1. I need the shape label for segment 154-246. Rule: rounded when a/c is under 1.5, else prolate if a/b > b/c, else oblate, with a, b, c from the alpha carbon gyration tensor.
2. Per residue of the chain, what 222 nm ellipticity follows from adding -39500 (n - 2.57) for every DSSP H run with n ≥ 4, rounded to the nearest 500?
3. Let me understand segment 62-166 better: what is its radius of gyration from the alpha carbons, and its Dmax, in angstrom?
4. Could you pull the Cα extents of segment 1-120 along its three principal axes, largest to smallest, in whole Å?
5. Once amide H atoms are placed 1.01 Å from N in the peptide plane, what residues at a sequence separation of 5 or more from Thr197, or on another chain, have their amide H within under 5 Å of its amide H?
6. How would you rank 47-53, 135-141, highest first, on the average number of other Cβ atoms within 10 Å across their residues?
7. Given an 8 Å cut-off on Cα distances and at least 6 residues of separation, report the relative contact order of the chain as a percent.
8. Once fully extended, how much extra length lies between Asp229 and Lys136, figured as 0.36 nm per residue of separation less the alpha-carbon to alpha-carbon distance?
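Bear in mind these aren't lab numbers, they're just calculated from the coordinates by the rules spelled out. Owing to the predicted nature of the structure, the values given are computational and were not obtained by experimental measurement. We place every Cβ from the backbone using ideal geometry, glycine too, and count neighbours over all the protein chains shown.
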Amino acid sequence: MKTIIEINNLKRDFQVGEVSVHALRGVDMKIMQGEFIAIMGTSGSGKSTMLNILGCLDRPTEGNYLLDGTDTSGMTKNQLATIRNQKLGFVFQSYNLLTRTTALDNVELPLLYNNEVKSRERKERAENALEAVGLKDRMHHMPNQLSGGQQQRVAIARSLVNDPLVIFADEATGNLDTRMSYEVMSLFQQLNEKGKTIVFVTHEEDIAACTNRNIVFRDGLIMKEVDVDKRVNAAAVLESMPVEEN
């Protein structure tokens, strides 16, 4: 398997007043193409700092981050922005949708920064992404006309529209109830089965059980890595849940 992400002796320090905070203390990590990884840890463990560096939103103080074989550590802000737009997809806890814009227009957004994609292709790719997440009949709805789970599906479609190398999800089920959480995890599992590499930050063990490997952070270091022997099938969990009556 091809190595998509390689981290070598990665450190990230922050200066808070006169105090130096060591958020990451020398992390080594590899993620292969097609993996579904959960990054776990309590608040302050370093997992969010790690995600920001993996997503090219921040740079390490020391060490190397190779994305698809390219060292990103010395890149300029513009170079990092190009990589984010062309190679990475993001799904956040709070959806980050534009409230006065339809689902279709929200999904088209990342393509507006790609001059090579014309408007007709942009719309077509956005429609295909929404269809892939089961929202073909909700394309022209505004976010406030969608449930939380549906809004998160729009966010996932937006993360897919550029056909990214990796999808990063930051507590993507954090605002959802149990049923909607498993709906979203079922969708991520489907995408993973089609070959998408997914890195999912969560503090919820039942959500992490839906991935293939758990990387647990503590005090800026990887405390342990665990292969998930029997991955929970999110679709099966959904089927076993009692149907809610309106």
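1. Oblate.
2. -9500 deg cm²/dmol
3. For segment 62-166, the Cα radius of gyration and maximum Cα-Cα distance read 14.9, 48 Å.
4. The principal-axis extents, from largest down, are 49, 36, 29 Å.
5. Gly34, Ile167
6. Packing order, densest peptide first, comes out as 47-53, 135-141.
7. Averaging sequence separation for qualifying contacts and normalising by length gives 26 percent for the chain.
8. Length gained between Asp229 and Lys136: 30.0 nm.
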